[in-house]
Each structure stands twice: as structure tokens, then as C-alpha cells.
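Right, one structure below, let's go through it.
Just so it is clear, none of the values below were taken in a lab; they were calculated from the coordinates. Just so we're clear, the structure is a prediction, and the values are computed from it rather than from any experiment. In this analysis, Cβ positions are derived from the backbone assuming ideal geometry, glycine residues included, and neighbour counts consider all displayed protein chains.
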Amino acid sequence: MSALARDLAPLVLAGVLGPAGAGKLFGRGTARQAPRTALARLLRDGGRAALVLRVLGAVELLLAAALLAPPTTPLPGAAAALLGAGFLGYLGYARAAAPGSSCGCTARQEAPLTWRAFARAAAVLAGGAAAALARQPWWTAAARHPAAAACLVLAAAVVLTALSANPERRWRMPLRRLRLRIAGHPLAATATATAVAPATTPATTQVAVPPDAAGAPPPVPLTAAGARTAVPVAATVELLERSRAWQSVSRVVRSALMDHWDDGGWRILQFAGVYGGGTAARPVLVLFAMDAAASLDTVREPAVRVSVIDADSGAPVMATA
Amino acid sequence: MSAYRTGDTLARRRFLTAAALRGATVIGTGALSASALSTGVLGTRVAGATGTTGVIGATALGAVDADAAFAAPIRPLDPAVAESAFAEGRIAAINGDVLEVAGSYGDHSRVRITGATSVWKGRATTAADIETGDGLYARGLPLPDGTLATDAVWVNIVNLHATIRGIERTRLHLAHGQHEIIGNLMAERTSAAYGDASPTADLSRLTIGQSAQVLGAWRPSDGSVDLVRVAVAPGAGRRR
């Protein structure tokens, strides 16, 4: 098995160096990210760092091609091992000189220096050494033991993917997406609740404020405070803030939303404020009563009951009705 | 002291519900014309209201939404209204009604909570929920004793741009720059806003990879965020 691994090392190594080299050489992000790499600090010039990164990318691509193609010589492997050793040295320097900077290893994501960068460099060094010691071309070895070769390459791919600069984006997010697709959306129930809520709370729509209902309040039963409705309080507040009722008393209101509750299809919103000026100023409560099921999506002309009461006595302050 | 103040929450709310429903009904959106309300005590205030700053949800002293904690201060148009002041920072100590706040820039302020102060901590709540170590953003009027009498206090409020990296039944995994943040979903409180539509309790259209503007309350104990609103662009569900 170890002989097979050694013979397949050029293939795996080419799989690592090829994409990384292509990313550095052709990637549009190279110039943008180069100034943030430790290399820029080493060279004291972001532009020069970008150039070096592109040259390095070209070298990696050439090495990948040499590792894949005949004739089989130890030279590409040795060169790759040397490259891996160089990477390790560079990372060691970067860790000491600029720990917060990006390594520029793959030139795609801004990846701060972590143990993964060192592990990748060590893998290149080990892979290069193994490739230099390979006794037969990788395609011959693969043809002799196709199943074992496939397993080995797959295992190497998994390990190298786990070592990639941004594991979150590379594999954790796709895995989570896959899980959602298979098991369904974990929050699908919230859509159902939203859809059925109006049907389960008929009182909400029945007692919605008609335009001419500014008279005596209906004797509404007090239900459990904060009863579930489909419309979040944020949507009610949004509707209120765009309403004419809000504009009418916004000069009185001082506080943000102090309290809110649902009651028999109404949603009551309580604010604190100051009414009057100078010595006549007195603290008041500003109360709004709105249809608990209404939002900007469903109502164009919101009907809002406005009431201002004295904060101390509870007596009405404004003769608004 | 009226009955509504001495009773329990239910009694107080019942009293206030009745008071709210006795109020005048105002229909429509936008600025109010003077004739929209019956002439009465509102008269002079109404005339002033037509010339409000145009900021949605603004009062004479400043905006009132949770988002408003991040908005620029509003200069009152009415010279009779004193200009509001702001304080922000971490609460170093709580002495009765006064919060000792250490500002982010080395400053220090004393914030007074009154009976008329609204307290937001992921939801509208009371001063009893405020704890030492909480972050705070407050708007109010400076008093002669050097304290800030607050009209509104937002505790631990965060408003950040993030990418949704994972969705579970009780939480979202969010990425903000290089930081990974756990966003706690709060039953019946977390809402989602899809594009320009109104906030909804329907969170089923959130997808992994979406960019989101997240409003919530930070939990100092574990660094997670109680999500209040997750606003995503229209066309939700598209993979990036």
C-alpha cells in the first residue's frame, strides 16, 4: 500500500499544485489580496508581492504538469518537496512577522494563517519527497490496482479538502445545504404558522377598525397577553410609523415602544411622552390600538386609534374623539 | 397614582386597552392634515406634525425604532424642544435608577432610567432586565445633575451585515467578516424581512449563503445574538 501511495503521489500532488497555481496565476483576486499577505510585508511592496504570487502560480502549474506527464523522473518531485520546504519557511516567517495577515496560499479567500496552512505546506513537502521516490508512473500503478488507487486518491482528496483554506465555504456549507435538501427546511413550520394564523384567530379580522368606529370601544374580552398572531410586532410598528395617526402625535412621543400586547384582535402599543410645554408640560402615555393582523403588506390605509392619557392619573389628555 | 399603575400587568393592560380603544381613529398614511382630527387639544401639535423631519418613526427628539439606535441624531425643529443627547458604552455599575456607563472612547456617562424610559433588550422590556456588563445605547435629555434622563434605552443592540452559513431549528450560523456568530431564533419574536416586504414570522425562506442584515440583542455571556430581524434581499433562496 505504501508503494502504491508513493507511486500515486505525483497525481495527488499535481491535484494540489495545479488548482493553487492556476488560482494564483489567473485569479482576479491575486492583485487585490496580495497587499494583505505576509509576502507583501516581506517584500515591502504589494505590487511586487502580486507579481511574485503570479510567478509562483506559474511554477506550481509547471510542476503539476511535469508531475503528471512522462517521462518519469525524480526531478519534479524533488522540486515540489523543495517548494513545500520553502512554503514552511515562509509560513514560519509570516507567523512571526505578521500573524494577522493572509498567507496568500491559494489566492482565493482571505485566509489568515492557521495550522492548516502549515499542514498543507508539510503535505506538499511529503508529497514531493514521495513523488521523487516513485518507481513507476502513476498511471501504471493505478492500472494495476484500480480499486485501491481510487480509494487512496479519494482519501487524499478528503484530507486535502479538509485542509483547504476555507473549510466553511468548501465543505461545511455544501454539507449543510445538502442536509437541508434531504431533511427539509428546519424552519418550514414557521411558514405554516404564518399561513394558518389568520384562520385560527377570526376575531382578529372581525374587530378590525372600521372607518366609522371611532365611538365607544367594543367590550373586548381580554385574551392571553401576547397571543400568537401571524404578524410580528415589528410589522405592526412599521405600519404605525407610516400612519397618519403616528404623525399626529409624534411630537408628543418621547420614548421608543415601551410595551405591547394583543387583546381581542387588537394590538395595543404603548409609548411614553410629554404633553405641553414649559411649566404646563406633563408626562403622558401615548396608546395606539391597531388591527393585530394588519401590516404594510395587507393594509394600504391603516386605521389606528390614538389615545393620550396622563401618566399619573390615567385621565385622557387629548379630546381626540 | 392611578389604578393602572397599582394593578398587576394584566389589570394595567386591561385599563390601557380600554383607554386606547376610546381614542380617536385616524386612517391613512403620511402626514396629517389639520382637519383629519377633531379640533381639540391636538390642534397645535398637529400643525407642527405636518412639518416633521420626514424620518419614519421619528419623534421630536429622535427616531424610536430599534434601528434608530444607529441613526444620526435628529435636531428638533421646534425650538421649545431641547436637543436630545446620546450615550453609549458598557454598563459598569447600576446604582438604583442610574447606570454608570463606560463609553467606547474612554468617556463616562451616568444614565438615569425613569418611569417613562422605554427599554429594549431584544424586545420591549423593563429596566429590571438591564444587567452590569451589558452594552447600551441611550437617548435622552441631560439634567443639571450631570445624568442623562433617558427616553429610550437599547441594550446590547447589534445591527450587522452577515452571511447565513447554517440553519437549524433553534439557531442560525452567521458569518460576519472572519467572525462566526450564533444567532438564536426566538419563538414568536424573530422575524424575517424579504426585500421590501413587511417583516414576517415566516423564516422558511431563509437559505444558506444569503446575505442578511441582522438586528438583534447580543448576549454578553456567550457572544451569541438573539435574532430580532433578519432582512434578506428579494429573490431569497438563490444560491450564491
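Observations on the model:
- Average beta carbon contacts from partner chains per residue of A:305-311, 10 Å cutoff: 6
- Charge sum, other residues only, whose C-beta stays under 13 Å from residue A:137's C-beta, Lys/Arg counted +1 and Asp/Glu -1: +2
- Here, segment B:85-155 is characterised by an Rg to Rh ratio of 0.91, where Rg is the alpha-carbon radius of gyration and Rh the Kirkwood radius.
- When only the Cβ of Lys, Arg, Asp and Glu is charged (+1, +1, -1, -1), the dipole of segment A:2-181 relative to its Cα centre reaches about 740 debye.
- Amide hydrogen neighbours beyond the local backbone of residue B:149, cut-off 5 Å, H modeled: B:112, B:141, B:143
- FRET efficiency for residue B:221 and residue A:297, using Cβ-Cβ distance with R0 set to 56 Å, rounded to 0.05: 0.95
- Electrostatic bookkeeping for residue B:149 treats Lys and Arg as +1 and Asp and Glu as -1; over the other residues with beta carbon under 12 Å from its beta carbon, the sum is +1.
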